[in-house]
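Data block below; observations after.
What follows is calculated from the coordinates using simple rules that are stated; it is not laboratory data. Predicted model, so just to flag it, every value in this text is computed and none were measured. Ideal geometry is used to build each Cβ from the backbone, glycine not excepted, and the neighbour counts take in all protein chains shown.
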Amino acid sequence: MSSYESSGQRKKIKSPFSGAVLVAKDGKVLFKKAYGHASKETKAPNTIETKFSIASVTKQFTAMLIMQMIEKGKLNLTDSISKHLPYFSKDLGDQITIHQLLSHTSGLPHYEGLEKIGIRASSFFSTQYTPKSFAKLIGNTKLIHTPGTSYHYSSLGYILLGAILEETSRQTYNELLQKSIVQPLGLKNTGFESNDFIANQVAQGYNFRELEGFDWLITKQGGKFNTAPFRDQSNKYSTGGMHSTVEDLFIWSEAIRNNTILSKELTAKMLTPNKDGYCYGWMRNWDDLIERNTNVRMYTHGGTLPGFNSSITLFDDGTTIIFLANVHPLKDKEIIHQIYLTTHGLEDKYRLDGYPDRGSLSNFESQGGIKALNTYFSKLSKLCGYKVLPSTNSITGIMYLYIKNEQQVKADSLKNVFFTDFNPRESDLNRAGYDFLQINQCEFALEFFHENVKKSPNSANAWDSLGEGYMICKKYHEAVESYKKAVEIAQNKNSQHLDVYKTNLSKAIKKLEE
């Protein structure tokens, strides 16, 4: 950890580490230490008692509060949103259950869903919401898949769980949190507090940006820290608004292991993997960790906010690794993996092998090609207990190799598998389309943009990207029609990008007239 704090560490974990770490085995703390500054402006150091924003680790506490309400008979996993939030969109609320909110299978979008209904990211972070007003806002978003059919991480779903908790208990989220978890466990530095509390009692968050060229050489840590923008507590709420310390989170982790504040039966239910290995507020067998050490099994969850990273991992062998950091970004899986190896005196030799090299087509095919790739992910899926697929970048990279080597049939075949089996996100399809435009593969690239508007017909950005694809491919009539659709959708949603879409449309019309 000291090496991660010092210069050169960016090559390992992206940013110089600043925060606190705790490692335990079988309930006994083996190591705890703090690094860096809670405030670089005042030079106040981080300590073990320093409070950090824990971001999405908050979801564990929200899930526990829901399970406690179930234990008391006040909620059921099969209850719909509509049953407990009468002000929420009934059409949407009737379709989604508490179980689906907990397991990220509700079909609700993540924060990108807000932008699609005209909520500008630039203003969202500073906007104050009540749980009721935030829930109503979420009720205006569009489902991205049928509830219960697929996993899609959605912080908005956990906002609704907080609203349900308040409606059912007639207490605020923090009052319920204090009464049901914080006080029973004797946590001294954990809670959900006001903006003033976060600004004055919690470590300041920083974003780290690497420098390049000569600046990289003359800067001790190879980059610069910038104070992270402040985000209003009301829109972090029950999905990411809590603060804590590593010591408090260790007490929390032991309560999970020992069923201290929830029955053994319901704790087991909370930790049962659902689609893609997500439990309720916990991830079972994170594939990035299993790839690095095939012998371990764990429950884990991380969190990120501007300027903050958090992580808590409970290994089946009794090892607990917790870190809280006031710097972003960090390679959390690398930190966890290296700490685990050091804790157990192990060498880094337990990685899953068999992933074919993708540096060139000859290397890829000599090492087994697609067959080897399928075998690798079949092994990984078996180890994790759920289906794991290659990353979008891996698949599009292999398509690139095929195209570069004039094997268009193989590229087309893999593209079709990608569309049908991978359920790519809007951003994945857009990125792939632009990547193939850069190598002058117009028709191939356009298929990704077409797939995007097919999957996201109400996305102005998807239609705008299709228009740009047509423009680059000199199909100006089609570009005009696509840009018109983008402008129409953007106008209906009061999009912050409307002027950009209008400008693009004007350029396309001018080209068409020429």
Equivalent-ellipsoid semi-axes (√(5λ), Cα gyration tensor) for the range 48-183, whole Å, largest first?
22, 20, 14
Measure out, as a whole number of angstrom, how far apart the alpha-carbon centroids of the range 114-166 and the range 391-432 sit.
31
Can you work out ³J(HN,Hα) from phi for every residue in the range 119-129, in order, using Karplus 6.51 cos²θ - 1.76 cosθ + 1.60 and θ = phi - 60°, giving whole Hz and x for Gly and Pro?
8, 6, 4, 5, 9, 4, 4, 9, 8, 8, 10
Find which of G318, H301, N452 sits farthest along the positive direction of the dipole of the chain, computed with +1 on the beta-carbon of Lys and Arg, -1 on that of Asp and Glu, about the Cα centre.
G318
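Per residue, what volume in Å³ does the Cα convex hull of the range 353-408 take up?
74
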Could you go through the range 90-102 in sequence order and give the Karplus-derived ³J(HN,Hα) for each residue, using 6.51 cos²θ - 1.76 cosθ + 1.60 with θ = phi - 60°, rounded to whole Hz, and x for Gly and Pro?
5, 4, 7, x, 5, 8, 10, 9, 4, 4, 5, 5, 5
What do you get for trypsin sites (Lys or Arg not before Pro) in the range 1-57 restricted to DSSP loop and a cutoff of at most 12 other Cβ within 10 Å of the site's Cβ?
K43
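Looking only at Cα atoms, what is the convex hull volume of the range 429-500 per residue, in Å³?
Spread over its residues, the Cα hull of the range 429-500 gives 74 Å³ apiece.
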The size of the Cβ-based charge dipole (Lys, Arg +1; Asp, Glu -1) of the range 404-492 about the Cα centre, to the nearest 20 debye, is 20
By how many degrees, between 0 and 90 and to the nearest 10, does the Cα long axis of helix 392-404 differ from the longest principal axis of the chain?
30
Overall form of the range 395-514 per C-alpha gyration tensor (a/c, 1.5; a/b vs b/c):
oblate
Taking N as the number of residues in the chain, what is its alpha-carbon radius of gyration divided by 2.2 N^0.38 Å?
1.02
Pairing rule first: another cysteine's C-beta must sit under 4.7 Å. Under that rule, which cysteines of the chain stay single?
C279, C384
Restricting the range 428-514 to trypsin sites (Lys or Arg not before Pro) in coil, as DSSP defines it, with at most 12 other Cβ within 10 Å
K474
Using θ = phi - 60° and the Karplus form 6.51 cos²θ - 1.76 cosθ + 1.60, what ³J(HN,Hα) does each residue of the range 319-333 get, whole Hz, x for Gly and Pro?
7, 10, 10, 10, 9, 10, 10, 10, 8, 9, x, 9, 8, 4, 5
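With all pairs of different alpha carbon atoms counted, what Kirkwood hydrodynamic radius in Å does the range 154-196 show?
This gives a value of 11.3 Å.
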List the residues, sorted by chain then number, that are 5 or more residues from F31 or on another chain and whose placed amide H is less than 5 Å from its amide H.
V23
Compactness check, the range 185-331: C-alpha Rg relative to the 2.2 N^0.38 Å globular estimate gives 1.22
Hey, got a sec? Which chymotrypsin sites (Phe, Trp or Tyr not before Pro) in the range 31-87 land in a DSSP loop and have at most 16 other Cβ atoms within 10 Å?
Y87
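Explain nothing, just the number: relative contact order of the range 363-429, from Cα pairs under 8 Å at least 6 residues apart, as a whole percent.
Values: 26 pairs, mean separation 14.1, N = 67.
Relative contact order of the range 363-429: 21 percent.
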Rounded to the nearest 500, what is the 222 nm mean residue ellipticity of the chain from helices alone, with -39500 (n - 2.57) per DSSP H run of 4+ residues and division by all residues?
-13500 deg cm²/dmol
